[in-house]
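The values are calculated or read from the model by the stated rules, or taken from the named source; none is laboratory data. Please read these numbers as outputs of a predicted model, since none were measured by experiment. Cβ atoms come from the backbone with ideal geometry, glycine included; neighbour counts cover every protein chain shown.
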Amino acid sequence: MLNHFQALLDAIPDLLFEVGLDGRIYDFHSPRTELLAMPAEQFLGKRIAEVLPAATAAICMGAIEEAARLGRSSGAVYSLELPIGTRWFELSVSAIAPEAGSDGNPRFVFLSRDVSFRIQAEEEMRIAAAAFESEQGMFITDADTTILKSNRAFTRITGYGKEEVLGMTPRIFSSGRHGPGFFATLWTSLVSNGSWQGEIWNKRKNGETYPQWMSIHAVRDARGDTSNYVASFSDISLLKTAEEQIESLAFSDALTSLPNRRHLIVKMQQVLQSPDDQSHGALAVVDMDDFKSLNETVGQAWGDQVLQQVAQRLSACLTGKESLARIGGDSFALLLPNQGLDAPEAQRHTEQVVDRMLAALRLPHLLAGANHHRTASIGVVMFDGAGEQDIEDLLKRSELATHQAKATGRNNFRFFDPKMQSDLHARIALVNDLRDAIAKQEFQLLFQPQVTQNRDWTGAEALLRWNHPVRGYVPTTTFIALAEETGLIIPLGDWVMDAACEQLAQWAGHAVLCDLTLSVNVSALQFQQGDFVAQTMAVLARTGARPDRLKMELTESLMVADMECTIGKMHALREAGVRFSLDDFGTGFSSLSHLKRLPLDQLKIDQSFVRNILTDNNDAAIAKMVIALGQSMGLEVMAEGVESADQCTALVALGCQSFQGYLFSPPVQGQAFEALALHTQAANCA
Ligand code: C2E
Ligand code: MG
Ligand code: MG
């Protein structure tokens with residue numbers, strides 16, 4: 001059995017040493033050998049300075065010296081790197097009274113207490129305190145949500161001082177914006193996950209409500225019960241404002257401040273997805289007529305001003321339920337939802353609104369002191385809540401109707417009808433086929449003779465035919481117009497010029513056909529190509545066709561474009577021998593002063609005047625005028641579309657010398673043309 005003193009010693013968990021004034025270690029006691037820096041045999045009899053690092057040894061020696069002076073020393077702390085990690089020790093040193101029989105040198109009891117846990121806890125406390133004073137607002141409550149503590153950022157954000165909120169609950173921050181459901185979700189998350197985070201609107205002390213991003217964590221005690229809640233939050237009102245600004249930029253048009261196309265689509269989604277709304281609605285697309293020319297004539301800045309005025313005028317036509325948006329440069333869209341369950345009634349009402357808008361847009365715009373008149377065309381599509389509607393489809397349909405309104409004279413409106421769409425699809429299919437046909441050269445030239453009063457042949461007109469494998473013959477005017485609109489007339493025209501020159505070259509070696517001219521229709525777009533002259537010269541050279549047998553039929557539309565350039569090209573070609581005819585004369589807008597400047601050889605009276613020359617005095621007068629004009633300008637005048645001998649006689653009486661028409665021959669294929677030429681010559685000679 002241990003003696004009383006030994007038992008007492010063993011109960012002490014600290015390290016006990018007996019040391020001398022010089023730090024020599026005479027004895028030690030410790031039940032926790034893992035706290036020793038080294039095994040006892042390595043330090044017993046040695047001085048502290050010999051076994052511990054210098055800084056630690058200095059602290060220990062300081063404490064011994066103090067105890068030598070005062071009898072006791074406590075509170076000094078040192079750390080040691082041990083195999084079990086860094087440990088912290090607090091020193092307590094007491095001088096031992098000299099015993100009888102000892103050497104009389106002072107001895108000390110040197111006690112090192114392991115205070116590592118306390119030191120670590122203090123460290124964590126310091127970190128926690130620093131963290132608590134972060135940029136985030138923080139408060140801590142007890143389990144009943146009574147506020148125990150808050151930080152400086154909390155005061156800065158909420159306006160409440162620390163003391164003011166002590167003992168209060170977070171209910172004082174309530175903005176009233178969230179319903180009970182919101183808080184129920186928050187508490188469910190806190191209880192089941194121990195945390196919640198999200199956006200919450202709270203109220204500052206000054207009454208202002210603002211959004212916070214808040215995280216709340218439940219703190220559990222040793223038994224697992226919630227002891228506290230720690231809430232941290234930041235003020236996200238600036239972020240929100242920025243977010244709203246970005247959203248408003250993304251959804252509105254900067255020039256007019258109207259909602260933009262994206263916004264309109266969202267609105268339409270809301271209207272179309274409203275499940276119990278079966279009523280009819282309308283979507284109207286308003287497009288300014290010829291806005292490009294306004295921008296070009298008065299400049300973009302004034303153009304912008306007109307758009308702003310247009311936006312204001314359209315807005316003034318609204319009665320409240322409608323939404324107006326700017327969906328493109330000069331186009332606006334009006335969404336008219338809830339026009340009632342009766343379709344005709346809904347359409348009538350829409351019509352009234354659209355009429356009002358057109359009238360408002362017709363009023364002049366005052367720009368730089370002058371009145372400018374603009375108009376718009378409107379396309380409308382009706383829809384109802386019952387049908388499955390595709391938004392982009394509705395927009396496309398109303399835009400299609402707008403194009404129709406423009407095509408039928410502008411300054412009016414059109415309701416979409418399904419035929420428009422089928423027409424559009426048919427047109428797209430035809431364009432595709434045309435493109436294919438150009439690649440595959442599915443075309444053919446027919447030739448129609450041109451004759452004198454005595455029926456002597458002087459030439460022919462080359463007329464294009466397209467025989468599609470499935471469609472059959474496509475009317476020439478139809479596909480030529482399409483080719484002009486799509487630009488396909490360029491490759492098509494190149495093919496025609498090539499084929500016509502090949503034909504001319506062939507005729508050159510033919511006894512009867514060698515003197516004939518060949519008239520080729522050249523579209524304005526083709527003529528305006530920068531390299532048109534060079535291209536034509538190249539074709540003439542390659543085929544060997546005589547330039548003076550080639551006649552180009554141009555139309556009056558060429559005179560609208562750059563006159564100087566047109567005249568220059570005509571002169572260049574004429575120099576090489578090429579001749580020019582003005583086709584369909586009388587149907588365009590040619591000014592006589594322009595006409596005089598063109599190096600022309602021939603005028604062709606349009607067949608529409610020839611058709612009724614016998615019955616319509618007006619047409620007869622125009623034909624007469626064209627002939628007289630041609631004569632006065634020294635130009636040959638040819639009448640086209642001559643179908644009857646009486647028409648021919650009437651034209652001869654007016655002084656016309658050249659003719660073309662079914663009376664002499666319809667357009668025919670190359671071989672038939674040759675046979676007919678031989679036959680006619682034989683008949684004429686007979
Ligand atoms: P256009 O140049 O005025 O050609 C005369 C049109 O009148 C031709 O129609 C011809 O077939 C038709 N025609 C001739 N005699 C008579 C007649 O006695 N009565 C009636 N009612 N019509 C007659 P087509 O061949 O259908 O060509 C229509 C238009 O297509 C041409 O009018 C021309 O503007 C254009 N076109 C034809 N071929 C070409 C071409 O190769 N290139 C270009 N750019 N346009 C062409
Ligand atoms: Mg022609
Ligand atoms: Mg013609």
### Task
Within region 373-393, identify whether any single residue is within 24 Å of Asp304 (Cβ to Cβ), without any contact (Cβ under 8 Å) to a residue 12 or more places away in the chain, in contact with a helix residue (DSSP H, G or I) (Cβ under 9 Å, 6 or more places away or on another chain) and surrounded by fewer than 17 Cβ atoms within 10 Å (Cβ to Cβ), and answer yes or no.
yes
### Among the candidates Ala499, Ala483, Ala541, Ala511, residue that is over 19 Å from Leu600 (Cβ atoms) and part of a loop (DSSP other than H, G, I, E, B)
Ala511
## Note on the structure
Going through (1) over 29 Å from Ala545 (Cα atoms); (2) in a loop (DSSP other than H, G, I, E, B) one by one, Gly634 fails only at (1)
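May I ask you to list the residues in region 582-612 that are in a helix (DSSP H, G or I), within 14 Å of ligand 2 (Cβ to nearest atom) and at pLDDT below 95? First the steps, then the outcome.
The initial filter retains those residues of region 582-612 that are in a helix (DSSP H, G or I), namely 592-597, 607-611.
Filter once more, keeping what is within 14 Å of ligand 2 (Cβ to nearest atom): 607-608, 610.
Within region 582-612, Gln607, Ser608 meet the criteria.
Being at pLDDT 85 or above and buried (at least 20 other Cβ atoms within 10 Å of the Cβ) narrows it down to one residue among Arg326, Arg261; which is it?
Working: Arg261 fails: buried (at least 20 other Cβ atoms within 10 Å of the Cβ).
It is Arg326.
Please tell me if Trp507 is surrounded by 13 or more Cβ atoms within 10 Å (Cβ to Cβ), hydrophobic (A, V, I, L, M, F, W, C), within 22 Å of Phe673 (Cβ to Cβ) and more than 51 Å from the chain's Cα centre (by Cα).
On the way: surrounded by 13 or more Cβ atoms within 10 Å (Cβ to Cβ): yes; hydrophobic (A, V, I, L, M, F, W, C): yes; within 22 Å of Phe673 (Cβ to Cβ): yes; more than 51 Å from the chain's Cα centre (by Cα): yes.
Spelling it out, Trp507 is indeed surrounded by 13 or more Cβ atoms within 10 Å (Cβ to Cβ), hydrophobic (A, V, I, L, M, F, W, C), within 22 Å of Phe673 (Cβ to Cβ) and more than 51 Å from the chain's Cα centre (by Cα).
Name every residue in region 105-129 that is free of Cβ contacts under 8 Å to residues at least 40 places away in the same chain, of a type in the set (A, V, I, L, M, F, W, C), over 23 Å from Lys149 (Cα atoms) and part of a helix (DSSP H, G or I), in order of residue number. If you could, list the steps in order and put the result at the bottom.
Looking only at region 105-129, we keep the residues that are free of Cβ contacts under 8 Å to residues at least 40 places away in the same chain, and these are 115-118, 120-129.
Filter once more, so that each one left must be of a type in the set (A, V, I, L, M, F, W, C): 115, 117, 121, 125, 127-129.
Checking which are over 23 Å from Lys149 (Cα atoms) leaves us with 115, 117.
Hit for region 105-129 is Phe117, nothing else.
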### Query
Using beta carbons and a limit of 6 Å, which pairs, at least six apart or on different chains, have the first residue in region 465-488 and farther than 16 Å from Leu525 by Cα and the second one within 12 Å of ligand 1 (Cβ to nearest atom) and in a helix (DSSP H, G or I)?
Trp466/Phe479
### Query
Which one of these does Leu488 not meet: (1) away from ligand 2 (no atom under 14 Å from the Cβ); (2) under 23 Å from Gln671 (Cα atoms)?
(2)
### Query
How do the pairs read when you match residues in region 294-310 that are farther than 15 Å from Thr375 by Cα with residues anywhere that are small (Gly, Ala, Ser) and outside any helix (DSSP H, G or I), using Cβ under 8 Å and keeping only pairs 6 or more apart or on different chains?
Val298/Ala368; Trp302/Ala368
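Please go through region 613-631 and pick out each residue that is of a type outside the set (A, V, I, L, M, F, W, C), within 16 Å of ligand 1 (Cβ to nearest atom) and in a helix (DSSP H, G or I). Steps first, please.
Start the filter on region 613-631 by keeping residues that are of a type outside the set (A, V, I, L, M, F, W, C), which leaves 615-619, 624, 630-631.
Adding the requirement that they be within 16 Å of ligand 1 (Cβ to nearest atom) leaves 615-616, 619.
Within region 613-631, just Asp619 meets the criteria.
Report the residue count in region 327-363 for those that are within 30 Å of Gln278 (Cβ to Cβ) and within 24 Å of the chain's Cα centre (by Cα).
Start the filter on region 327-363 by keeping residues that are within 30 Å of Gln278 (Cβ to Cβ), which leaves 327, 331-358.
So of that shortlist, the ones also within 24 Å of the chain's Cα centre (by Cα) come out as 327, 331-335.
The total comes to 6.
Just for region 570-610: of the residues that are of a type in the set (Val, Ile, Thr) and buried (at least 19 other Cβ atoms within 10 Å of the Cβ), which one is farthest from ligand 3 (Cβ to nearest atom)? Give the derivation first.
Keep residues of region 570-610 that are of a type in the set (Val, Ile, Thr), which gives 578, 587, 605, 610.
Narrowing further to those that are buried (at least 19 other Cβ atoms within 10 Å of the Cβ): 578, 605, 610.
Details: Val578: 19, Ile605: 9, Val610: 10 Å.
Going through the qualifying residues, I end up with Val578.
With region 370-468 as the region, which strands (runs of 3 or more DSSP E) entirely inside it contain at least 1 residues that are in contact with a strand residue (DSSP E or B) (Cβ under 8 Å, 6 or more places away or on another chain) and at pLDDT 90 or above? Walk me through it before giving the result.
Values: elements: 370-372, 376-384, 413-415, 443-452, 457-468.
In region 370-468, the matching strands (runs of 3 or more DSSP E) lie at 376-384, 413-415, 443-452, 457-468.
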#### Entry: Near pairs, Cβ below 8 angstrom, 6+ apart or cross-chain, from region 496-519 (free of Cβ contacts under 8 Å to residues at least 60 places away in the same chain) to any residue that is within 15 Å of ligand 2 (Cβ to nearest atom) and part of a loop (DSSP other than H, G, I, E, B)
Met497/Val522
### Message
Checking Gln529 against (1) within 12 Å of ligand 1 (Cβ to nearest atom); (2) within 51 Å of the chain's Cα centre (by Cα): exactly one of these is not met. Which one?
### Response
(1)
#### Entry: Test: Asn228 is modelled with pLDDT of 90 or more and over 42 Å from the mean Cα position of the chain (by Cα)
yes
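Give Ala370, Ala401 a once-over and let me know the one that is surrounded by fewer than 20 Cβ atoms within 10 Å (Cβ to Cβ) and within 30 Å of Asp330 (Cβ to Cβ).
Sole residue among the options that is surrounded by fewer than 20 Cβ atoms within 10 Å (Cβ to Cβ) and within 30 Å of Asp330 (Cβ to Cβ): Ala370.
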### Summary
Selection over region 612-664 where residues are touching a helix residue (DSSP H, G or I) at 6+ places or on another chain (Cβ under 6 Å), on the phi > 0 side of the Ramachandran plot and surrounded by 15 or more Cβ atoms within 10 Å (Cβ to Cβ) yields a count of 1
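Residue by residue through region 544-581, note down the ones that are in a helix (DSSP H, G or I) and either in contact (Cβ under 8 Å) with a residue 60 or more places away in the chain or under 16 Å from Thr517 (Cα atoms) (or both). Talk me through it step by step, then tell me what you get.
First pass over region 544-581, keeping only residues in a helix (DSSP H, G or I): 547-549, 556-559, 563-576.
Listed by number, the residues that qualify are Pro547, Asp548, Arg549, Leu573, Arg574, Ala576.
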